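Reviewing the structure listed below.
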Amino acid sequence: MYQHTQQSHVWMMVLAPIEAVVLLALIVTGAGIAALVGVMLVFGIVMVVGLVFSRLTVEVDGGAVRLAFGSGWPRKTIPLHEVTSAQRVRNRWWYGFGMRKIPGGWMWNVAGLDAVELTLATGKKFRVGTDQPDALLDALSGKVPIG
């Protein structure tokens, strides 16, 4: 059994200072209370989304690869019998983070460029972003062909 949670603090390190600067600018320029509340509401929503997509847990057991963002949602289960191969890859920086449609399939990632690409029986690809690509491949070894 393999289980690893990768966490990214980029959302908080970037968004909190931006929010503070925008709010300060609104106060200094004399913006009304409605503008302040509106900006705080938008930033609050962005912060919640950032928290949800700042942590990715990956598990491999005897029958599946299980992925979950945040505290368990969104989540995905990929049965191992649907995986025809796995290999270590590097994501392009412009693929970004979160749940993304990429050429050939999907990617789930919270930080960094390292990933393990699963090729599915359908021919589609699914990339799992991880700061432990070798450990994830070791967990898959013997269960799926490693490319």
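The values are calculated or read from the model by the stated rules, or taken from the named source; none is laboratory data. Worth saying up front: this structure is predicted, and the values here are computed from it rather than measured. Every residue, glycine as well, gets a Cβ built from its backbone with ideal geometry; the counts of neighbours run over all protein chains shown. Note: accessible area is taken over every heavy atom of the protein model, side chains too, but ligands, DNA and RNA are not part of it. Shrake-Rupley method; radii C 1.70, N 1.55, O 1.52, S 1.80 Å.
Data table
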read-out: At most 13 other Cβ within 10 Å, DSSP loop - GluC sites (Glu not before Pro), the stretch 1-83; value: none
read-out: Heavy-atom accessible area order for Ser71, Ser85, Ser8, largest first, 1.4 Å probe; value: Ser71, Ser85, Ser8
read-out: Under-5 Å amide H pairs with Asn91, H placed in peptide plane, nonlocal only; value: Asp114, Ala115
read-out: In Å², nearest 10: area of Thr119 left accessible to a 1.4 Å probe; value: 20 Å²
read-out: Neighbour-limited loop hits for trypsin sites (Lys or Arg not before Pro), the stretch 15-94 (at most 12 other Cβ within 10 Å; DSSP other than H, G, I, E, B); value: Arg92
read-out: Residue-by-residue Karplus 3J(HN,Hα) for the stretch 87-99, coefficients 6.51, -1.76, 1.60, Hz, glycine and proline x; value: 8, 7, 9, 10, 6, 6, 4, 6, 5, x, 10, x, 9
read-out: The chain, relative contact order [Cα under 8 Å, separation at least 6], %; value: 21 percent
read-out: Under the Karplus curve 6.51 cos²θ - 1.76 cosθ + 1.60, θ = phi - 60°, whole-Hz ³J(HN,Hα) for the stretch 113-128, x wherever Gly or Pro sits; value: 10, 6, 7, 10, 9, 9, 9, 9, 4, 6, x, 6, 10, 9, 9, 10
read-out: Backbone HN-Hα couplings from phi across the stretch 40-46 [Karplus 6.51/-1.76/1.60, Hz, Gly and Pro as x]; value: 5, 5, 4, 5, x, 5, 4
read-out: DSSP-loop trypsin sites (Lys or Arg not before Pro) across the stretch 95-147, with at most 10 other Cβ within 10 angstrom; value: none
read-out: Inter-part distance where the stretch 21-40 and the stretch 80-147 are each reduced to a Cα centre, Å; value: 43 Å
read-out: GNM top mover of Ala64, Ala35, Ala111 - the chain, alpha-carbon springs below 10 Å; value: Ala35
read-out: The chain: angle of helix 10-28 to the longest principal axis, Cα-based, in degrees nearest 10; value: 10 degrees
read-out: Among (1) 77, 41, 25; (2) 64, 26, 24; (3) 59, 31, 25, the entry derived from the coordinates for Cα extents along the principal axes in Å; value: (2)
